[in-house]
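The structure appears right after this line, and notes come after that.
The values are calculated or read from the model by the stated rules, or taken from the named source; none is laboratory data. What you see is a predicted model, and the numbers here were worked out from it, not measured in a lab. So basically every Cβ, Gly included, is an ideal-geometry build from the backbone, and we count neighbours across all protein chains shown. All accessible areas refer to the heavy atoms of the entire protein, side chains included, with ligands and DNA or RNA removed. Shrake-Rupley method; radii C 1.70, N 1.55, O 1.52, S 1.80 Å.
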Amino acid sequence: AQQSMTTSTAKTTESNEYSPRLIHILETRFMQNQPNLIQLAKARIHLLKTICLPTVLGQTAWGEFLWVIRTDPALDDGIKKELVQMLNESGALVAKDDDTGKERAMTYVIGSNDNYIVSNSTTLSPSVRPFDIRAMLSEALSKPESIFAGKAESIQLLFDEVSSERVANDVLLWTRLDADDGLNIGYMEYIQSQAIRYFLPDRYDREIRKEIPEKIKKEIPGVKIKQEIPEKGNATEEPPKLIKNTFTPPQWTYWCASLNIDWFLTDPIHDPHHKNGTVYPVMHVKACVTPGVTVALRGSFDPLQVPRLDHDKIISHLRPQGGKICERTGLSVFDPEDTDNDGPEEEVDDGTCFHMVRGGISKIASLRSRTPTSAGMMGVNPDPNQMGSVKRQPKLIPVMWQILKTHFKVSNEDLLATNAYFAEHIYDIAEENARGQCTAGHSCKSSSKDLLQQYVDLKGEMSGGFDI
């Protein structure tokens with residue numbers, strides 16, 4: 001259930017106020033604080049091209065959000081050129097406006113080690129204001145030499161569009177996607193539709209119930225509320241006790257993905273049946289994965305008051321506090337007869353400041369690549385739960401491969417090439433990742449260094465493929 005967004009800067013005819021817009025930023029990090037680790041950078045470019053890029057370009061909302069890729073200001077010139085050229089050749093940098101026929105910027109590559117969608121554990125420089133779009137654009141304009149792709153003139157136009165007066169009526173969305181991960185091609189559109197539902201309910205094409213059954217308030221998150229509301233005229237059901245439902249939109253809220261696919265490397269020499277890697281499912285109930293973590297806030301709200309939360313703390317921090325922390329009341333609940341049975345499953349609203357993306361976009365919301373390029377080196381091999389799930393349900397494997405093709409637009413040819421590249425360069429990649437572990441903004445866990453060191457130690461002892 002989505003309604004078109006207003007993007008015009010014209011004021012409304014009935015008042016002196018601007019019509020609210022959704023302004024959506026997709027932020028991706030690439031080689032920050034690691035400018036000269038060439039082998040690591042080349043490997044990450046392979047992952048960006050194979051996993052991240054097709055899922056962004058394939059978004060059904062492509063053109064309705066701005067993609068900002070942030071990298072080290074001193075990034076190696078050769079890597080910088082390769083990155084920008086790849087984006088340009090893919091069509092990611094600019095697109096023609098259907099109305100004017102003019103080109104407009106879709107993607108910017110910014111030389112900066114600062115980020116604007118950040119967790120609590122991230123160390124920030126004093127000048128950074130998380131979730132502040134004006135601060136992000138102002139910083140880029142103050143250092144035009146840091147704009148590696150895109151033009152300063154275009155950023156200035158954007159900055160003018162989000163003046164303090166204008167942006168106060170808008171809803172700002174910040175979505176995180178690392179360069180080695182991907183999103184379901186319907187993810188951004190789904191998030192935007194839900195932002196309209198919660199922040200701009202008058203634009204949503206379903207009307208929130210004024211009264212709701214009392215027991216809905218007592219149900220645990222995840223219960224399908226529409227099943228708890230008897231359809232009108234059903235004489236077999238005793239009418240539930242109704243209470244008033246006064247819905248007040250939040251000042252801010254979080255979303256993250258629930259179900260995702262992990263893609264792992266294989267050894268194409270010793271495992272010729274899996275030359276394109278292997279895939280395993282991941283289901284999260286009590287923790288968020290990083291790809292797709294989204295923060296939405298009102299333009300009039302101080303972005304510094306939005307809590308910065310590590311991905312594994314989002315649910316445990318927000319759910320117990322209900323809606324008070326983000327100043328929302330009531331539930332976004334609709335009559336069952338208003339439900340489009342052929343449309344996406346309606347997200348259940350539990351009244352908190354957090355929403356788990358469960359349905360609406362073919363269930364699988366995100367894709368993670370699990371390779372020795374990972375900063376934390378967590379989960380670079382399938383865990384016992386993942387291996388057990390596919391052993392119990394072997395039909396999951398062909399289903400996941402089909403989903404990668406249809407709902408993530410990931411090419412099997414690119415997976416083959418990337419898997420082969422890693423097999424050939426795995427030891428050099430791991431060696432550089434070990435060197436980059438304790439740079440600013442990156443993990444410095446002894447477990448990560450120890451695991452990477454195993455690859456490094458093998459470098460002088462082995463040749464050919466590697467075993468996973």
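So here's what we get for this one:
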quantity	calculated
Total charge dipole magnitude, the stretch 91-141, about the Cα centre, Cβ charges on Lys, Arg, Asp, Glu only, Debye to nearest 20	80 debye
Residue order for Arg308, Arg44, Arg70 - accessible surface, 1.4 angstrom probe, largest first	Arg308, Arg44, Arg70
Ranked by how many other beta carbons lie within 10 Å on average, peptides 184-196, 150-162 from highest	184-196, 150-162
Candidate residues Arg21, Arg209: accessible-area rank, largest first, probe 1.4 Å	Arg209, Arg21
Accessible area in the full protein assembly, largest first, 1.4 Å probe, for Trp401, Trp255	Trp401, Trp255
The stretch 108-195, relative contact order in percent, only Cα pairs under 8 angstrom and at least six apart counted	28 percent
Among Ser154, Ala168, Gln192 - extreme Cα towards positive end, dipole of the stretch 98-197, charges at beta-carbon	Ala168
Accessible surface of Val357 - all protein chains present, 1.4 Å probe, nearest 10 Å²	0 Å²
Cα gyration tensor shape for the stretch 249-307, rounded if a/c is under 1.5, else prolate or oblate	prolate
The stretch 18-111, accessible area per residue, ligands and nucleic acids excluded (1.4 Å, Å²)	37 Å²
Segment Lys313-Arg104, extension gain: residue separation times 0.36 nm, minus the distance between their alpha carbons	71.5 nm
Entries in Lys324/Lys363; Lys80/Lys405; Lys275/Lys391; Lys96/Lys409; Lys313/Lys363; Lys286/Lys324 that, when Cα-Cα distance is taken, lie over 27 Å	Lys324/Lys363; Lys80/Lys405
Long-range HN-HN contacts of Ile147 with modeled amide H, under 5 Å	Gly111
